[in-house]
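Here's the structure, in structure tokens; my notes come after.
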């Protein structure tokens, strides 16, 4: 009993030990999946950065040196008012800025003023002077606060007063003329008046010759028109003769056929029907001939009226043109009689009169041509009416013959009489045909004679035109001579008047395109003669010269903004590209670089002569835009671009349209979704560390 219990206890113990051992062994045994899971690296963590609103741009960087722009040599012109150039006694200092009205220098007690103007001072200016240089002097005086009167390019009394006030207020005496110069002016004025009278006579000669030429041309045109009409009349006469001969031949043939039919003595039903039709046709031809005659008569009456209208219109037009010539002649004479009239007014009056005379000649020629044309049309209408009347006579005879022939077919007794009549008609038709031939030949010869005469008249008219043209050319040549004399006298008078009153000597003013200017260097020293260049000036505008490599130059264009800086010198400013050379190797650049000029918009004065850095934005978003790092962009299988955004602890893709890329960032625009500034996007994943490593 005890031994059974011991065995049971041992068995129970073994079982317990076996269970414990199995559990322990099971705790240390793992499947392959469990082993792989336990040995795999930890899950990768996303690297997140926020989206930003930022300005993106790509730049070209270069270095350049600043300078003042537009260096120019400032020179004085020689003055004919002074025997010798003055001696320089005063000069500006280097770096001086000279504004409009400033005294740039002085010589022998006379000033040299600086004024703004595009045209250089090349002559002395005074009363009577005219031109663009006078106008720019007036403009400068007005800007300085003086009153030169109308700014019209004429140096008049108001301009003279303004110049005097300008000199006096600047502390200088105006330059004035002598009594001898005034006497010279009066003598030249008298000579000019005499030359102006000669000019009037020359104008009259030219106008008269021009009118004669216009008349000759009108006569030539009329003669040529007559010759052309005569040529057409020859063709018409030939055509009429041919048509008349053809009609006469047909008439003879018809008369012969009628006679032959009557001779046969027999008539079929078909011949009777034909005879009936011939009667009806003859009646229709007679009606047509009468209608044509009526139309021709009306056309002849209309053509006669057209001649009357053309003559009346020509008379009215010639009267109006003559009145216009008289008006322009009176206006011109009044202008020349007015001592205050200007050369421009006199020239305009001469031109207006010449135009009126030419218009009168043209009007007269046009009227004569219109009358001739109407006369030619009337002649043609009369001819057409004669032809129409002749056609009526022939149609009436044809109708009578057709009626007689039809009656003779059915009346044997009348047939003999009809036959005799047919014989007589045939003989008459043959005689008429011969007469028609002779008349046609006569009409053609007459038309040819008229054409020859018209051609001769046209040739003679052409000779007259040539002669009138030579006369006009001679008159114009004579007027040119008078014009040259008058122009020389006007020049002499203008020169003399320039010397009278208050003058502006050529060596006392320098016109510069832009003021103020800066004195760069001096070309003379006190004691030198005031002649030619006196100093070199620049504009106050700064520019920077630089050059770019061949691969960067095409990226830069005129108008682009430029950032200027040089931290070591404390320089910071802005500018604009004003020029890019067309080819490398110009303006001091070597063959591998292209010259570029930058206008300085704003910068400290210490920039002059300094080497500075230039930053030129080539491409820019133009303002802040939504941007992400380049590494945040992911290319999808369909070719679109995406970024991965973390939202509520979950990563999701947003499709975007990439834009400008610069500085490691790229501009993005959400497509079909949204992406806000500050949202976190994935730029990569942190893989962590591998267990056991």
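Any chance segment 157-171 includes a residue that's at pLDDT 80 or above, in contact with a strand residue (DSSP E or B) (Cβ under 6 Å, 6 or more places away or on another chain) and surrounded by fewer than 19 Cβ atoms within 10 Å (Cβ to Cβ)? Steps first, answer last, please.
Restricting attention to segment 157-171, the residues satisfying the condition of being at pLDDT 80 or above are 157-171.
From what is left, the residues that are in contact with a strand residue (DSSP E or B) (Cβ under 6 Å, 6 or more places away or on another chain) are 160, 163-164.
With surrounded by fewer than 19 Cβ atoms within 10 Å (Cβ to Cβ) added as a condition, the list becomes 164.
Yes, some residue in segment 157-171 is at pLDDT 80 or above, in contact with a strand residue (DSSP E or B) (Cβ under 6 Å, 6 or more places away or on another chain) and surrounded by fewer than 19 Cβ atoms within 10 Å (Cβ to Cβ).
Looking only at segment 549-588, count every residue that is in contact (Cβ under 8 Å) with a residue 40 or more places away in the chain and over 42 Å from the mean Cα position of the chain (by Cα) and tell me the total. Before you say what the answer is, go through the steps one by one.
Initial filter on segment 549-588 (in contact (Cβ under 8 Å) with a residue 40 or more places away in the chain): 549-550, 552-553, 555-556, 560-566, 569, 571, 587-588.
Filter once more, so that each one left must be over 42 Å from the mean Cα position of the chain (by Cα): 565-566, 569, 571.
Adding up the residues that qualify gives 4.
Looking only at residues in segment 140-156 that are out of contact with any helix residue (DSSP H, G or I) (no Cβ under 6 Å at 6 or more places or on another chain) and exposed (fewer than 15 other Cβ atoms within 10 Å of the Cβ), the one that is nearest to residue 114 (Cα to Cα) is 143. Contact map, segment 244-268: first residue in the same structural domain as residue 431 (by TED's automatic domain parsing) and under 15 Å from residue 434 (Cβ atoms), second residue modelled with pLDDT under 75 and surrounded by 13 or more Cβ atoms within 10 Å (Cβ to Cβ), Cβ cut-off under 7 Å, separation 6 or more or different chains; pairs are 255/422.
Considering each of 458, 487, 453, 475 in turn, give the residue that is out of contact with any strand residue (DSSP E or B) (no Cβ under 6 Å at 6 or more places or on another chain), touching a residue at least 12 places away in the same chain (Cβ under 8 Å), exposed (fewer than 15 other Cβ atoms within 10 Å of the Cβ) and more than 30 Å from residue 252 (Cβ to Cβ). Please lay out each step first, then the result.
Numbers: 458 fails: exposed (fewer than 15 other Cβ atoms within 10 Å of the Cβ); 487 fails: touching a residue at least 12 places away in the same chain (Cβ under 8 Å); 475 fails: exposed (fewer than 15 other Cβ atoms within 10 Å of the Cβ).
Answer to the selection: 453.
Taking the stated definitions as given, is residue 675 part of a loop (DSSP other than H, G, I, E, B), surrounded by 14 or more Cβ atoms within 10 Å (Cβ to Cβ) and on the phi < 0 side of the Ramachandran plot? Here the answer is yes, as residue 675 does meet what is asked.
Of all residues in segment 355-369, exactly one satisfies the criterion of being touching a helix residue (DSSP H, G or I) at 6+ places or on another chain (Cβ under 6 Å) and more than 26 Å from residue 458 (Cβ to Cβ), namely 356.
Candidates 352, 297, 320, 314: the one that is under 60 Å from the mean Cα position of the chain (by Cα), in a helix (DSSP H, G or I), within 30 Å of residue 387 (Cα to Cα) and in the same structural domain as residue 403 (by TED's automatic domain parsing) is 297.
Restricting to segment 633-672, what's the tally of residues that are out of contact with any strand residue (DSSP E or B) (no Cβ under 7 Å at 6 or more places or on another chain) and closer than 22 Å to residue 622 by Cβ? Full working, then the answer.
Looking only at segment 633-672, we keep the residues that are out of contact with any strand residue (DSSP E or B) (no Cβ under 7 Å at 6 or more places or on another chain), and these are 637-639, 647-650, 661, 663.
Among the residues that remain, those that are also closer than 22 Å to residue 622 by Cβ are: 661, 663.
Count: 2.
Residue-wise test of (1) surrounded by 12 or more Cβ atoms within 10 Å (Cβ to Cβ); (2) within 52 Å of the chain's Cα centre (by Cα); (3) touching a residue at least 60 places away in the same chain (Cβ under 8 Å).
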residue: 590; (1), (2), (3): no, yes, no
residue: 595; (1), (2), (3): yes, yes, no
residue: 629; (1), (2), (3): yes, no, yes
residue: 665; (1), (2), (3): yes, yes, yes
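Residues to consider are 75, 80; find the one that is modelled with pLDDT under 95 and part of a strand (DSSP E or B). Can you show your working first?
Numbers: 80 fails: part of a strand (DSSP E or B).
Just a single option satisfies the conditions, and that option is 75.
The values are calculated or read from the model by the stated rules, or taken from the named source; none is laboratory data. This structure is a prediction, so every number in the text was calculated from the model and none was measured. A quick note on method: Cβ atoms are made from the backbone with ideal geometry, for glycine too, and the neighbour counts reach across all protein chains shown.
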